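The values are calculated or read from the model by the stated rules, or taken from the named source; none is laboratory data. Keep in mind that what you see is a predicted model, and the values were worked out from it rather than measured. Please note: Cβ atoms are built from the backbone with ideal geometry, for glycine as well, and neighbour counts cover all protein chains shown.
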Amino acid sequence: MRLYLIGAGVIARTHAEAAAKLPQAVELRVADPNAEALKSFLSSFPKSITFADAEQMLSSEPPLEDDIVIVATPPFAHLEGTRLALKSGRHTLCEKPFAMNDEEAEEMLLLAEAEGKLLGCCSVRYKGMLHNEAVKNVIRSGALGDIYHATFVNKWTRSRAGIEYQPASRWFLDKSKSGGGILMDWGPYDFATLIDVLDPAEIEVSSAWTAKPQTAADPQDVVYNVEHHVGAQLTFRSRSNARPIAIHYERGTCTHGSEQFIGEIEGTLGALRWTPFDSRQPVFFRSDHDGVVVEEIVDPGPRGPYTVMDHPLIHFYNQVNALPSHANVGRRAVDHFLCIGALYKCADSGEKQLVTVAPATDAREASE
């Protein structure tokens, strides 16, 4: 198969490395206007065919049915890269955040539907990890009873993209290039994971806030207008008559408060606690045994061959080839992204927001 990469930076390299783990040989093509980036990419992947222009790359040969294009650029270039990829007649996987705003995401979906090609998002990096699958299995078993509350909090004291993390990539700090701060950067993973685990049909954002804590390391010589701490009160409503689930959500890469990493789901018969983005940490199940609270560790099974950086391409490849897949594609991928916009809108206006989520079966999700 042929894999076309729009962008030759750090994230493109992870996709090229994942391609080597696919069950068939992959021919790599990569386009980037930065000659140094192409030279560096070629030093790691010498068999790649390089181009200075994405449109030239995609028009250099007729499309094949299983061709995949990955848009691996900063967010402000996602729309144009996705347009070029889909119009070339190829399935397209876009890096997260999916788009700069809701309107761009909807435009991308309309084009994919018009071209009859799959369109996916890389926000699925943590889907399919065995500890997250173990959480889903306990939920499906009914051991939690009626689920009524969940806490999803991930806060670092100092880990801002463009400052402490990848400090050379200052575009992270400019909303006109990144679309936003921590909510755009990590929110896609958060919602992909929460929706995967709890499978809501509808999400209500009843309150939300964003903040930009100040530090002595704040850059003064560049545009810096994005948030680094967000929170919201959410309600997940299922497709059945099950009770709504109240969710406390918080994500931060800069806080003067304490670091916290809490994933907890509470039900009438038991509760689960786990660290959604760290598979090295155990999954705990707590329940009542003869009037006493007992805590057990849930065994997720042996680790698989793929890393979180492999997952977007692996899942999308499976989807393209009609195999069981954890990919988010089409309407479902867009709905996930609309959750990000809903938090921003609620934080700005103070008004409740509602997002309808396409069912998982639309994306043919299944355990691998």
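Only residues that are more than 21 Å from Gly350 (Cα to Cα) and either charged (D, E, K, R) or part of a loop (DSSP other than H, G, I, E, B) (or both) were counted in region 238-257, giving 11.
Yes/no matrix, rows are residues, columns are (1) of a type in the set (A, V, I, L, M); (2) in contact with a strand residue (DSSP E or B) (Cβ under 7 Å, 6 or more places away or on another chain); (3) in contact (Cβ under 8 Å) with a residue 60 or more places away in the chain; (4) farther than 16 Å from Thr193 by Cα:
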| residue | (1), (2), (3), (4) |
| --- | --- |
| Asn318 | no, yes, no, yes |
| Ala322 | yes, no, no, yes |
| Val329 | yes, yes, yes, no |
| Arg332 | no, no, no, no |
| Leu338 | yes, yes, yes, no |
| Ala342 | yes, yes, yes, yes |
| Asp348 | no, no, no, yes |
| Glu351 | no, no, no, yes |
| Ala358 | yes, no, no, no |
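Residues in region 114-133 that are assigned to a helix (DSSP H, G or I) and out of contact with any Cys (no Cβ under 8 Å at 6 or more places or on another chain) were compared, and the one that is surrounded by the most Cβ atoms within 10 Å (Cβ to Cβ) is Val124. If you check Tyr317, Tyr344 for being hydroxyl-bearing (Ser, Thr, Tyr), buried (at least 19 other Cβ atoms within 10 Å of the Cβ) and more than 30 Å from Lys212 (Cβ to Cβ), only one passes: Tyr317.
Any residue at all in region 311-319 that's among the aromatic types (Phe, Trp, Tyr) and in a helix (DSSP H, G or I)? Break it down into steps so the answer makes sense when it comes.
The first filter runs over region 311-319 and keeps only residues among the aromatic types (Phe, Trp, Tyr), leaving 316-317.
Filter again for in a helix (DSSP H, G or I), leaving 316-317.
Among the residues of region 311-319, at least one is among the aromatic types (Phe, Trp, Tyr) and in a helix (DSSP H, G or I), which makes the answer yes.
Would you say Pro188 is in the same structural domain as Ile262 (by TED's automatic domain parsing) and surrounded by 22 or more Cβ atoms within 10 Å (Cβ to Cβ)? It is true that Pro188 is in the same structural domain as Ile262 (by TED's automatic domain parsing) and surrounded by 22 or more Cβ atoms within 10 Å (Cβ to Cβ).
Residues of region 43-69 that are touching a residue at least 24 places away in the same chain (Cβ under 8 Å), part of a loop (DSSP other than H, G, I, E, B) and either in contact with a helix residue (DSSP H, G or I) (Cβ under 8 Å, 6 or more places away or on another chain) or not assigned by TED's automatic domain parsing to the domain that holds Arg90 (or both): Phe45, Ser48, Asp66.
Among the residues of region 115-128, those identified as modelled with pLDDT of 95 or more and not basic (Lys, Arg) are Glu115, Gly116, Leu118, Leu119, Gly120, Cys121, Cys122, Ser123, Val124, Tyr126. Which residue is modelled with the lowest pLDDT, if the candidates are limited to region 144-170 and must be surrounded by fewer than 20 Cβ atoms within 10 Å (Cβ to Cβ) and part of a strand (DSSP E or B)? Checked region 144-170; the qualifying residue modelled with the lowest pLDDT is Tyr165.
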